[in-house]
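Undergrad: Pasting in a structure now, in structure tokens, and then I'll have a few things to ask.
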Amino acid sequence: MIKASQFAGQTLAVFGLGRTGITAALSLQAGGATVLAWDDRDEGREAAEEKGVTLGDLQKADWTKIDGLVLSPGVPHHLPEPHWSADLARQADVPIICDIEILAREVAAVPEGNRPKIVAITGTNGKSTTTALIGHILNECGKDAQIGGNIGRGVLDLDRMHSGSYFVIELSSYQLERTFSLRANAAIHLNLSPDHLDRHGDMVGYGGAKKRIFLNQTSDDTAVIGTDDEAGKALLCEMIARKSAHVVPISARRSIGSGVFVLGGKLFCTQGKRVEEICDLKKAKALEGQHNWQNAAAAFAAVRSLGLKPRDVAKAILSFPGLSHRMETIGTAGKVRFVNDSKATNADAAQQALNSYDEIFWIAGGVAKDKGIEPLLPLMKNVKKAYLIGESSKRFKRTLAKANVEHKVSGYLQMAVYCATKDALESGATHPIVLLSPACASFDQFDNFEVRGEAFRQHSQQIIDLFENEMKAKRAGETKAMAS
């Protein structure tokens, strides 16, 4: 754990006692701060107290004696409506920060030659895969790299800082809007599409939060910018004009005069007039699809800026095992392949999987975002049949019926997996895919997308095991018959 020594002697309120909040409270306490931690949920307070967090009812606290409020990323301080703790902080002129800001101040206090390298990643889609890929590359190349933030561990739960360490941090817009001091040696902005607009008001607010990843960068740092969407192209022009960091554009769709790009599945890097082929991404089984090619381009650009050798990076990219719950192959039952894409919690994310396969038996549904699955209708040519689960089932049924897409309301994930597998086996399809890519949040039936993905894994594995046992029994019977 990182001790938040820069807050020693101060009194910090911490609201929201999930993974991030508990870690922040313990880090502050270890660094010498007085902590008043609270949560609206009894179970949140109980879990924090069991781990040694000092509780304090913030509704009864004297806010004139509080130096800062560490607010959990999921709790709003402005839109759509400020949480009561944010209102109390604002009334007392108490600054509102998050755990990323605590880490940033700790890093800034270390003499520059002894600081860890910071790689920061944001974007609407692809940031978790890119974060995991960068961590994998760095570790495979012999570096001491840890990943955290919006993926895996809270940043303050990472191991202590030293000059040879690398912190690879996934950052959501919720975290970035409360981060002021972070300086990233390499910062990545992958893409931008509508999401979380209730929290940020509109695309200007959402994009503005994402752009904060480049705050405090200097000419010694690198800004990696995806240019496959209009927002990215505009951001590229803005960053070049700003002249604050070395800017590297990336694309998975077209060649770039100076940057990193993918053509025909091959990753290239251009520097001056020289074009260097890095690797053939079609050989990277965990990086299927054009969206993953963008992730690979971003990862290469970031680690190359840190001095890693292209040949070593290429080898590491091809050995990447993939990210759990993101186009993750669980296994096969005969010709049927099971793919877990539970992390696709909106239509844009699901689009990436639907674009990557041809004969799909698609499981979708949950808590729908504003546009539902209507943006995905042009991809229904790849879908043999859809299986709908969760509270969005009736809405999605209407959408698919209008588009003449064959579908079934399964209600629950287990039934959807069984029905999709049966249909896939009987379909005559050459390479059928049973794909969980919900295009929805999970909170109607599951605590989070990870729990949903693990449930899919369990149901799929049961079918795979059953199929394998039947095949073994069949082969044993055939062998016995031949012997007799």
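Undergrad: Run Ile97 past the list (1) closer than 20 Å to Asp39 by Cβ; (2) at pLDDT below 95 and report the number of the one that doesn't hold.
TA: (2) is the only condition that Ile97 fails.
Undergrad: Hey, any hits in segment 279-294 for a residue that's surrounded by fewer than 20 Cβ atoms within 10 Å (Cβ to Cβ), touching a strand residue (DSSP E or B) at 6+ places or on another chain (Cβ under 6 Å) and at pLDDT 95 or above?
TA: Yes, because at least one residue in segment 279-294 is surrounded by fewer than 20 Cβ atoms within 10 Å (Cβ to Cβ), touching a strand residue (DSSP E or B) at 6+ places or on another chain (Cβ under 6 Å) and at pLDDT 95 or above.
Undergrad: Can you name the helices (runs of 4 or more DSSP H) wholly within segment 162-256 that have at least 1 residues being polar (S, T, N, Q) and either open to solvent by 70 Å² or more (accessible area, probe 1.4 Å) or in contact (Cβ under 8 Å) with a residue 60 or more places away in the chain (or both)? Reasoning before the result, please.
TA: Details: elements: 173-176, 197-200, 203-211, 230-242.
Correct list: 173-176.
Undergrad: Something else about it: Please go through (1) at pLDDT 95 or above; (2) touching a His at 6+ places or on another chain (Cβ under 9 Å); (3) in a helix (DSSP H, G or I) for Ser128 and return the number of the only condition it doesn't satisfy.
TA: Ser128 satisfies every listed condition except (1).
Undergrad: Continuing with this model, one more query. So which pairs qualify, if the first residue must be in segment 142-155 and modelled with pLDDT of 95 or more, the second must be open to solvent by 70 Å² or more (accessible area, probe 1.4 Å), the Cβ gap must be under 7 Å, and the two must be at least 6 apart or on different chains?
TA: Ala145/Asn139; Gln146/Asp159
Undergrad: Here's something else I'd like to know. Enumerate the pairs (first residue in segment 465-477 and within 11 Å of Ala333 (Cα to Cα); second residue anywhere and not in a helix (DSSP H, G or I)) with beta-carbon separation below 6 Å, excluding pairs fewer than 6 apart on the same chain, so at least 6 apart or on different chains.
TA: Once the first residue is within 11 Å of Ala333 (Cα to Cα) and sits in segment 465-477, its partners that are not in a helix (DSSP H, G or I) give Phe467/Ala333.
Undergrad: Turning to a different aspect of this structure: What's the number of the condition Thr329 fails, among (1) open to solvent by 60 Å² or more (accessible area, probe 1.4 Å); (2) part of a loop (DSSP other than H, G, I, E, B); (3) in contact with a strand residue (DSSP E or B) (Cβ under 7 Å, 6 or more places away or on another chain)?
TA: The one condition Thr329 does not meet is (2).
Undergrad: I would also like to ask the following. Looking at segment 418-438, which of its residues are open to solvent by less than 80 Å² (accessible area, probe 1.4 Å), more than 13 Å from Gly365 (Cα to Cα) and either of a type in the set (A, V, I, L, M, F, W, C) or touching a residue at least 12 places away in the same chain (Cβ under 8 Å) (or both)?
TA: Taking segment 418-438 as the starting set, the residues that turn out to be open to solvent by less than 80 Å² (accessible area, probe 1.4 Å) are 419-421, 423-425, 427-429, 432-438.
Still in the running and more than 13 Å from Gly365 (Cα to Cα): 419-421, 423-425, 427-429, 432-434.
Result: Cys419, Ala420, Thr421, Asp423, Ala424, Leu425, Ser427, Ala429, Pro432, Ile433, Val434.
Undergrad: Further question: Checking Leu103 against (1) at positive phi; (2) touching a helix residue (DSSP H, G or I) at 6+ places or on another chain (Cβ under 7 Å); (3) at pLDDT 95 or above, which single condition isn't satisfied?
TA: Unmet condition: (1).
Undergrad: Residue check, Gly307 against (1) open to solvent by less than 30 Å² (accessible area, probe 1.4 Å); (2) part of a loop (DSSP other than H, G, I, E, B), all met but one. Which one?
TA: Looking at each condition in turn, Gly307 falls short on (1).
Undergrad: For segment 439-484, what are the residues that are open to solvent by 90 Å² or more (accessible area, probe 1.4 Å), among the acidic types (Asp, Glu) and farther than 28 Å from Ile373 by Cβ?
TA: Hits for segment 439-484 are Glu470, Glu478.
Undergrad: Ok, one more. Out of all the residues in segment 405-414, is one or more crowded, with 24+ Cβ neighbours inside 10 Å and closer than 17 Å to Ala344 by Cα? I'd like the intermediate steps shown before the answer.
TA: At the first step, the residues of segment 405-414 found to be crowded, with 24+ Cβ neighbours inside 10 Å are 413.
Applying the additional criterion that residues be closer than 17 Å to Ala344 by Cα yields 413.
Within segment 405-414, one or more residues are crowded, with 24+ Cβ neighbours inside 10 Å and closer than 17 Å to Ala344 by Cα.
Undergrad: State all residues of segment 257-267 that are open to solvent by 20 Å² or more (accessible area, probe 1.4 Å) and either in contact (Cβ under 8 Å) with a residue 60 or more places away in the chain or in contact with a helix residue (DSSP H, G or I) (Cβ under 9 Å, 6 or more places away or on another chain) (or both); if no residue qualifies, say none.
TA: To start, the set of residues in segment 257-267 that are open to solvent by 20 Å² or more (accessible area, probe 1.4 Å) comprises 257-258, 263-264, 266.
Of everything in segment 257-267, those that are open to solvent by 20 Å² or more (accessible area, probe 1.4 Å) and either in contact (Cβ under 8 Å) with a residue 60 or more places away in the chain or in contact with a helix residue (DSSP H, G or I) (Cβ under 9 Å, 6 or more places away or on another chain) (or both) turn out to be Gly264, Lys266.
The values are calculated or read from the model by the stated rules, or taken from the named source; none is laboratory data. Just so we're clear, the structure is a prediction, and the values are computed from it rather than from any experiment. Cβ: placed from backbone, ideal geometry, glycine included. Neighbour counts: every protein chain shown. In case anyone asks, the SASA skips ligands and DNA or RNA and just uses the protein heavy atoms, side chains included. Shrake-Rupley method; radii C 1.70, N 1.55, O 1.52, S 1.80 Å.
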